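Note sheet for the following structure.
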Protein chains: 2
Amino acid sequence: MQNYFSSHFKLGVLGGGQLGRMLLSETQKLDIHTVILDKSADAPCAQICNEFYQGDLLDFDTVYNFGKKVDLLTIEIENVNIDALDKLESEGLTIYPKPSNLRIIQNKAQQKKFYKEKQIPTADFNHYAFVDELKHSYENGLVTFPFVWKSARFGYDGNGVKVVKNYNDLEALPEGECIAEKMIPFKNELAVIVARNPKGDLVTYPVVEMEFHPEANQVEYVICPARIDETVAEKARKVALKVADAFDFVGLLAVEMFQTQDDEILVNEVAPRTHNSGHYSIEASYTSQFEQHLRSILDFPLGNTDSKLAGIMVNLVGAEGYTGEVIYENIQEIMNIDGVTPHLYGKKITKPFRKMGHVTIVNQNIDKAREVAQKVKETVKVISK
Amino acid sequence: MQNYFSSHFKLGVLGGGQLGRMLLSETQKLDIHTVILDKSADAPCAQICNEFYQGDLLDFDTVYNFGKKVDLLTIEIENVNIDALDKLESEGLTIYPKPSNLRIIQNKAQQKKFYKEKQIPTADFNHYAFVDELKHSYENGLVTFPFVWKSARFGYDGNGVKVVKNYNDLEALPEGECIAEKMIPFKNELAVIVARNPKGDLVTYPVVEMEFHPEANQVEYVICPARIDETVAEKARKVALKVADAFDFVGLLAVEMFQTQDDEILVNEVAPRTHNSGHYSIEASYTSQFEQHLRSILDFPLGNTDSKLAGIMVNLVGAEGYTGEVIYENIQEIMNIDGVTPHLYGKKITKPFRKMGHVTIVNQNIDKAREVAQKVKETVKVISK
């Protein structure tokens with residue numbers, strides 16, 4: 001059997017941001033030698049992984065050559081050169097999640113088509129190769145305001161997603177392949193993280209509930225467990241499992257969903273990796289999502305996804321009006337509250353809405369946790385000198 | 001106010017072993033730049049801290065020059081050159097725990113004298129500059145078999161501690177300053193970790209109960225909370241607080257104690273740092289001992305020391321008969337049990353009884369946790385190729 005611990009085995013990770021950084025705390029725990037590629041020499045993982053390489057994740061040669069240095073390859077960001085992964089896989093390298101999955105997930109139009117094909121519930125949409133096509137479609141009465149525009153490629157954290165309310169909004173859209181999606185009036189945004197290992201073991205984390213910042217379209221609070229009916233939660237978990245099955249997925253899959261006004265579950269999108277909606281698990285769960293990711297890609301037994309306590313996560317994003325060397329204001333004040341754990345991602349420069357860290361709040365009582373989360377949100381500020 | 005996070009502030013740590021490694025997972029969480037000195041280029045911290053220096057912790061110049069590179073200095077091992085720390089402190093460097101405390105704790109004879117002076121309950125003892133003095137003392141009937149011999153300096157994990165039962169044992173003792181301590185027939189070995197910050201805030205962790213390996217004199221199980229009467233636990237916490245107060249201590253102080261047959265508490269010895277008896281806290285406590293150490297030395301508010309769940313720690317030590325490149329046998333089997341978290345320390349070479357890692361078991365029910373701990377102990381083996 002492969003010996004992963006304190007051995008010559010090398011785990012490669014494409015991307016060295018905060019997700020990689022939190023993964024490192026697990027590879028360190030198990031002493032798994034970890035090699036990371038990131039475009040920035042200042043990436044959050046750069047100083048603290050076993051080996052670090054600087055390079056473009058979208059460049060074929062860079063990704064291919066990096067893959068040749070490692071024994072198993074995974075990702076912490078899905079925007080990577082898939083052609084290089086295909087070639088590495090064809091040459092025998094184990095890559096989880098599978099490149100074929102990443103290719104579909106990387107492109108939001110392909111992702112949506114996949115859901116339709118696999119009869120996974122999702123909002124209706126139209127697919128356009130160019131924004132001009134979308135404009136024609138509007139002029140011919142095939143789409144109506146308001147609708148949700150999504151760039152097919154490389155959107156994240158609300159970049160590449162816009163609610164188009166009128167012709168001015170339509171005119172302002174950037175060029176490129178996109179989809180126009182029916183607006184779904186929803187009660188809740190939910191997410192379920194599924195983990196699956198190569199031998200097919202499958203577990204789901206509890207359903208979490210997300211509250212978004214109204215402007216930045218970034219998650220402000222992730223609440224676990226979601227404060228929803230058990231029947232809805234059960235439906236959400238089933239949909240998430242169906243998505244993981246449809247992909248024949250290996251690794252961690254975060255499935256974001258809408259709970260509609262009539263309690264239907266529609267898949268919004270997935271992330272083929274550890275996810276913001278699972279950060280609460282570091283303090284609240286028996287098995288953190290980062291440990292679970294390792295377990296799944298290394299074909300270990302999957303860990304218990306139950307929670308020790310209720311958990312809420314607050315994102316720390318750069319305050320508007322501040323760009324420069326970061327200062328985290330009032331961290332000590334929130335550390336004075338029971339059950340509060342800040343995580344700072346090691347980014348030296350803040351800018352408006354940049355994800356700079358998060359804070360987890362755990363408590364026996366979820367309402368108490370929610371109060372503390374509000375307090376935390378109001379107290380900490382990410383500014384610059 | 002000093003800005004510690006994602007800043008130019010440098011935390012120096014003397015020692016880069018497993019305690020430093022687990023501390024790093026907290027400095028990474030808060031993005032505190034950490035600089036480490038260790039004698040071994042292969043030290044568990046070497047690859048994963050922000051800056052690493054190789055050098056002798058007992059050498060004046062090495063420690064002094066290292067201290068000049070950092071803004072605040074702490075330790076993960078107490079056997080360091082105190083003269084260098086005194087000079088650094090006199091030149092204005094903040095050092096926690098204080099060098100004056102370390103000087104007393106480093107020498108077991110001084111430590112015992114300190115307890116006597118401060119009226120802290122401890123077993124009776126005699127102090128000898130040489131083993132020959134001890135032999136004379138025996139020959140003159142001033143000590144009787146059996147007694148406990150302890151080397152005054154640089155003992156750890158049972159090295160430097162022997163039960164002397166007869167003249168042969170006495171003859172076999174190594175040279176050097178030592179104490180002869182009265183044998184205490186005890187019900188339990190207990191430990192309490194106290195954290196104190198410079199402004200004087202003070203917290204104690206729950207009392208833990210330790211079971212030792214009969215031969216190696218290393219802790220096999222640490223059980224939190226100790227399965228003892230609340231009145232005894234309260235007495236143990238009070239004694240631990242008294243010790244911390246007597247030292248006017250800053251940082252984490254692990255106080256090891258005996259519960260005697262008549263439920264008295266006697267201090268055995270202290271460690272001025274994070275401690276094996278607090279490893280359970282990573283998974284079981286609201287605030288891990290490593291985060292608490294940071295909070296205490298940085299003068300932050302101290303964290304909640306309550307437990308989320310019952311916790312038991314099993315040490316993973318090198319099996320007898322194996323020396324060489326380490327293999328951790330059956331880690332995957334124990335990862336199949338709920339609430340089990342292995343920590344491997346990143347040491348590439350195992351040898352008999354070397355501390356190579358630990359496993360934490362958490363459970364709502366302490367008896368169930370104890371069963372799992374036994375299973376873990378029987379399943380995992382630390383061997384070599």
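Among the residues examined, residue B:152 qualifies as in contact with a Lys or Arg (Cβ under 8 Å, 6 or more places away or on another chain) and either among the basic types (Lys, Arg) or surrounded by 19 or more Cβ atoms within 10 Å (Cβ to Cβ) (or both). Report whether or not residue A:120 is touching a strand residue (DSSP E or B) at 6+ places or on another chain (Cβ under 8 Å), β-branched (Val, Ile, Thr) and not in a helix (DSSP H, G or I). In short, yes. In the set A:179, A:184, only one residue is at negative phi and assigned to a strand (DSSP E or B); that residue is A:179.
The sole residue among B:204, B:144, B:122 that is modelled with pLDDT under 95 and either among the polar types (S, T, N, Q) or closer than 17 Å to residue B:252 by Cβ (or both) is B:144. For the criterion of being in contact with a helix residue (DSSP H, G or I) (Cβ under 6 Å, 6 or more places away or on another chain) and either outside the structural domain of residue A:197 (by TED's automatic domain parsing) or free of Cβ contacts under 8 Å to residues at least 24 places away in the same chain (or both), residue A:84 passes. In a residue-by-residue description of the range A:237-256, the property of being farther than 15 Å from residue A:196 by Cα, among the aromatic types (Phe, Trp, Tyr) and not assigned by TED's automatic domain parsing to the domain that holds residue A:14 applies to no position. Looking only at residues in the range A:65-91 that are of a type in the set (Val, Ile, Thr) and under 25 Å from residue B:47 (Cβ atoms), the one that is surrounded by the most Cβ atoms within 10 Å (Cβ to Cβ) is A:74. Residues considered: B:368, B:351, B:355. Of these, the only one that is modelled with pLDDT of 95 or more and either in the same structural domain as residue B:43 (by TED's automatic domain parsing) or within 30 Å of residue B:204 (Cα to Cα) (or both) is B:368.
In summary, residue A:58 fulfils each of the numbered conditions (1) under 20 Å from the mean Cα position of the chain (by Cα); (2) in contact (Cβ under 8 Å) with a residue 24 or more places away in the chain with the single exception of condition (2). Counting the residues of the range B:102-132 that are over 16 Å from residue B:162 (Cβ atoms), surrounded by 13 or more Cβ atoms within 10 Å (Cβ to Cβ) and touching a Cys at 6+ places or on another chain (Cβ under 9 Å) gives 1.
Taking (1) free of Cβ contacts under 8 Å to residues at least 60 places away in the same chain; (2) within 8 Å of another protein chain (Cβ to nearest Cβ); (3) of a type in the set (A, V, I, L, M, F, W, C) in turn, residue B:334 satisfies each apart from (2).
The conditions of being under 29 Å from residue B:347 (Cβ atoms), assigned by TED's automatic domain parsing to the domain that holds residue B:196 and in contact (Cβ under 8 Å) with a residue 24 or more places away in the chain are met by residue B:316.
If you filter the range A:253-303 down to residues that are part of a loop (DSSP other than H, G, I, E, B) and β-branched (Val, Ile, Thr), you find that the one that is farthest from the other protein chains (Cβ to nearest Cβ) is A:274. Within the set B:94, B:62, the sole residue that is surrounded by 16 or more Cβ atoms within 10 Å (Cβ to Cβ) and within 20 Å of residue B:195 (Cβ to Cβ) turns out to be B:94. Which one of these is within 30 Å of residue B:131 (Cα to Cα), of a type outside the set (A, V, I, L, M, F, W, C) and not assigned by TED's automatic domain parsing to the domain that holds residue B:290: B:103, B:21? Only one candidate passes the filter, namely B:103.
With the structure loaded, tell me whether residue B:40 is over 30 Å from residue A:333 (Cα atoms) and small (Gly, Ala, Ser) or whether it fails that test. So residue B:40 passes the test. In this entry, residue B:257 is excluded by the filter for residues that are at pLDDT below 95 and more than 21 Å from residue B:299 (Cα to Cα). Restricting the range B:16-61 to residues that are part of a helix (DSSP H, G or I) and charged (D, E, K, R) leaves a set whose member that is nearest to the other protein chains (Cβ to nearest Cβ) is B:29. Considering the range B:353-377 alone, what residues qualify as being in contact (Cβ under 8 Å) with a residue 60 or more places away in the chain and more than 13 Å from every other protein chain (Cβ to nearest Cβ)? Passing the criteria: B:353, B:355, B:366, B:370, B:373, B:376, B:377. For the range A:187-214, the set of residues classified as buried (at least 20 other Cβ atoms within 10 Å of the Cβ), touching a strand residue (DSSP E or B) at 6+ places or on another chain (Cβ under 8 Å) and not in a strand (DSSP E or B) consists of A:205, A:206, A:207, listed by residue number. Within the range A:304-330, being facing chain B (nearest Cβ under 7 Å) and either within 30 Å of residue A:199 (Cβ to Cβ) or buried (at least 23 other Cβ atoms within 10 Å of the Cβ) (or both) holds for A:304, A:308, A:326, A:328.
The values are calculated or read from the model by the stated rules, or taken from the named source; none is laboratory data. In this text, all values refer to a predicted model and were calculated from it rather than measured experimentally. With ideal geometry, Cβ positions are generated from the backbone for all residues, glycine too; neighbour counts draw on all protein chains shown.
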